[in-house]
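Each remark here refers to the structure printed beneath this line.
Coordinate-derived values only; no laboratory data. Since we're looking at a predicted model, the values are computed, not measured. Using ideal geometry, Cβ is built from the backbone for each residue, glycine included, and neighbour counts are taken over all protein chains shown.
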Amino acid sequence: MKRQPCTPRPDWRQKVESVGLTYHSHEHGPYWDESACYEFSAKEIGTLETAARSLHYLCIDAAEAVIRQGWWERLAIPAAAIPAIRASWERDDFSLYGRFDLAFDGDGPPKLLEYNADTPTALVEAAVAQWFWLQDTHPRADQFNSIHERLIAAWQRWGGRRLHFSSIRDHAEDEQTLTYLRDTCMQAGIETEAIAISELGWDADRQCFVDLDRRRIDNCFKLYPWEWLWRERFSVYLPQEPLRFLEPAWKMLLSNKGLLPILWELFPEHPNLLPAYDTADLLPAGYVAKPKLSREGANITWVEGGTVIADTPGLYGAEGRIYQAPATLPSFDGNHPVCGVWIVDHEPAGLGVREDSSRITSNLSRFVPHFFPSDDPAPVQ
């Protein structure tokens with residue numbers, strides 16, 4: 001695993017905008033950063049792939065334990081959501097995708113930081129933008145990236161006739177992510193419609209959700225967290241199951257950081273897990289405190305030797321926190337990368353690397369493309 005300086009393409013802004021990455025920069029600098037790239041070996045890619053596959057099924061086993069043991073409070077699951085989660089789990093509702101964030105230095109086993117299993121973003125940059133970067137800059141190399149093809153295949157396996165796609169309005173990253181996912185769905189031959197979360201309506205006479213044209217909504221992909229859905233006015237109708245969401249309700253369990261102590265409890269000393277607990281007492285040397293429902297690195301506190309060495313602002317934490325042993329992140333000239341391995345239809349599908357000078361990855365951390373030499377042996381499939 002190496003970090004290499006690169007010369008950005010002269011027209012890189014136009015290039016990434018043309019494939020939907022319109023949010024490539026912010027007031028503090030670039031978000032998409034092709035002044036560097038990460039080179040992996042095929043063996044390292046295989047290690048990441050194997051770890052993600054193992055972790056995904058460990059998380060599913062842990063979710064089953066939550067349901068079986070009734071550990072709802074450990075994940076701050078609202079009582080109203082429990083019947084919907086149970087029903088979704090028993091039906092084995094279709095799940096499209098997720099993203100593991102892993103600490104990996106190329107030598108030791110990848111370590112799970114968290115699982116973004118409900119509304120993961122950084123998808124356009126991982127699936128599309130870095131693939132075209134590869135074709136322009138390293139055409140003889142390869143990349144851990146079959147995300148696009150696997151998404152289309154997953155939609156075909158889902159096999160529905162029509163799907164509404166929904167998110168909040170006026171959020172560039174969410175809207176472009178939703179547009180991309182909708183495009184892959186249409187490439188699979190499925191009819192789609194777009195609707196804002198705020199435009200979902202309930203038809204009391206027909207006892208169903210409807211769109212602005214009063215058409216019944218049976219299936220809806222939502223780029224909107226489940227925990228937020230349960231705070232909406234229409235949430236009182238969700239347990240009636242007139243509408244099936246993607247991601248399904250059971251993914252509330254996998255996307256919750258409260259699952260991390262449960263994973264460690266069920267699978268102690270697993271090579272891809274970090275010690276994690278519901279209290280800080282069992283990590284006297286230091287810990288990273290994470291709200292169970294925080295997003296984009298918000299409200300994370302890193303403590304070593306009783307001293308806070310990093311702390312991020314945000315609006316999360318009232319739901320409770322978990323405490324995870326600090327991960328050893330590699331440092332390349334002060335840049336700390338996190339490997340985001342994508343899961344599509346329960347299988348590893350690709351990699352996106354984000355880095356920061358801070359050891360806490362946030363929504364402004366840079367996305368840096370990657371490759372591996374094509375003459376390496378093929379990674380594990």
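Peptides 246-255, 294-303, 327-336, 13-22 ranked from most to least packed, by the mean per-residue count of other Cβ atoms within 10 Å: 246-255, 294-303, 13-22, 327-336.
Rounded, prolate or oblate, given the Cα gyration tensor of the stretch 275-324, with a/c below 1.5 counting as rounded? Before the final figure, lay out the partial values.
Working: a/c = 2.47, a/b = 1.38, b/c = 1.80.
Note, shape of the stretch 275-324 comes out oblate.
Under 1.5 on a/c is rounded, so check that first for the stretch 51-94, then, if it is not, pick prolate when a/b is larger than b/c and oblate when it is not; a ≥ b ≥ c are the square roots of the alpha carbon gyration tensor eigenvalues. It is oblate, given that a/c is not under 1.5 and a/b is not larger than b/c. For the stretch 273-381, the gyration tensor built on C-alpha atoms gives a prolate shape. Its axis ratio a/c (a ≥ b ≥ c) is at least 1.5, and a/b is the larger of a/b and b/c.
The distance between label points at ASP92 and ARG161 comes to 2.4 nm (points 7 Å beyond Cα on the Cα→Cβ vector). Neighbour counts of other Cβ atoms within 10 Å put THR7, THR50 in the fewest-to-most order THR7, THR50.
For GLU232 and THR307 in the same chain, what is the full-extension length gain: residue separation times 0.36 nm, less their Cα-Cα distance, in nm? Intermediate results must be reported in sequence, preceding the final value.
Values: separation 75, 0.36 × 75 = 27.00 nm, distance 3.91 nm.
Between GLU232 and THR307, full extension yields an extra 23.1 nm.
The label point for GLU241 and the one for GLU269, both projected 7 Å from the Cα toward the Cβ, are 4.2 nm apart. Here the label points at HIS346 and GLU149, each 7 Å from Cα along the C-beta direction, are separated by 2.1 nm in the simple model. With 0.36 nm allotted per residue and the present C-alpha distance subtracted, the LEU212-GLN187 stretch has 6.5 nm of extension available. Between the beta carbons of ASP333 and HIS26, assuming R0 = 22 Å, the FRET efficiency works out to 0.50 to the nearest 0.05.
Out of these labelled values of Rg/Rh (Cα atoms, Kirkwood Rh), (i) 0.95; (ii) 0.98; (iii) 1.06, which was calculated from the coordinates shown here? Answer label, from the structure shown: (i).
Each of SER88, SER362, SER357 has some number of other Cβ atoms within 10 Å of its Cβ, and from fewest to most they run SER357, SER362, SER88. The lysines whose alpha-carbon is closer than 27 Å to the alpha-carbon of LYS257, local same-chain residues fewer than 8 away aside, are LYS111, LYS222, LYS290, LYS292.
For VAL353, the residues whose amide H sits under 5 Å from its own are GLY340, VAL368, ignoring neighbours fewer than 5 places away on the same chain, with H placed 1.01 Å from N.
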